[in-house]
Amino acid sequence: MTIPAKLSEAFNRQVTAELEASLVYLQLSYVLNDLGLVGMSSWMKLQAEEELTHAQMFADHLMDRDVVPTIGAIDAPAISAKTAIEAFEASLAHERKISGMIRELAALAQDERDFDSRPLLDTFISEQIEEESTVKEILDRLRLIGQDGSGLLRIDAELGSRTTED
């Protein structure tokens, strides 16, 4: 059950991208914590953990197919968010980037006629739809409340109630 070399390289890039996404979310959690939005900070930390799980899933797929995963270079995330809205805009932009990479990976797997990758990629295609939708909903709600402090604190408390099972 070998994997084409071109696809193996793309999967390795995805492992690196998922690890980078984890660092982006971790940095966003620090920004939100600094703003006193500890619930949102906690939500971002859970996202960071989820991205590590995603990286491992791609790495496991490679190992299951006799390829040793190779982590590429990862730059420190350059996050300049100063508000909750800016933090979630950065999150959405990054999720869209990852979604594009996964679609490209699925197209490459199809071009390479690598049907063994399909179940994993289908899972991630669905996952990314959910991820983008969730972040977009949070962002829409943040924009709706504007400068309303009580509304911001309510969303912060709601996001802080998220658990690893959610």
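The values are calculated or read from the model by the stated rules, or taken from the named source; none is laboratory data. Note that the structure is a prediction, hence the values are computed from the model and not measured. In this analysis, Cβ positions are derived from the backbone assuming ideal geometry, glycine residues included, and neighbour counts consider all displayed protein chains. Just so you know, the surface numbers come from the protein's heavy atoms only, side chains and all, with ligands and any DNA or RNA stripped out. Shrake-Rupley method; radii C 1.70, N 1.55, O 1.52, S 1.80 Å.
For the reader, a short list of remarks on this structure follows.
- Angstrom value of the Kirkwood radius, inverse mean 1/r, which spans all Cα pairs in the chain: 16.7
- FRET E, pair Val68, Glu137, Förster distance 41 Å, beta-carbon r, rounded to 0.05: 0.60
- Of the solvent-accessible surface of segment 1-46, computed with a 1.4 Å probe over protein heavy atoms with every protein chain present, carbon and sulfur atoms account for 55 percent.
- Taking all protein chains into account, the per residue accessible area for the chain stands at 54 Å² (1.4 Å probe).
- The C-alpha atoms of the chain define a longest principal axis, and helix 149-160 lies at about 40 degrees to it.
- Label-to-label distance for Glu9 and Asp75 is 2.1 nm, based on points extended 7 Å past Cα in the beta-carbon direction.
- Solvent-accessible area, 1.4 Å probe, carbon plus sulfur percent, for segment 93-166: 51
- Most tightly packed first, judged by the mean number of other beta-carbon atoms within 10 Å of their residues, the peptides 26-39, 73-86 read 26-39, 73-86.
- For segment 54-60, 3J(HN,Hα) per residue [Karplus equation, 6.51 cos²θ - 1.76 cosθ + 1.60, θ = phi - 60°, Hz, x = Gly/Pro]: 4, 4, 5, 4, 5, 5, 4
- Charged-residue dipole, Cβ positions (Lys, Arg, Asp, Glu), segment 24-92 about Cα centre, Debye nearest 20: 180
- For the chain, adding -39500 (n - 2.57) for each run of n ≥ 4 DSSP H residues and dividing by the number of residues yields -26500 deg cm²/dmol at 222 nm.
- For segment 105-121, Karplus couplings with θ = phi - 60° (6.51, -1.76, 1.60), whole Hz, Gly/Pro x: 5, 5, 5, 5, 4, 5, 4, 7, 6, 9, 6, 5, 7, 4, x, 5, 5
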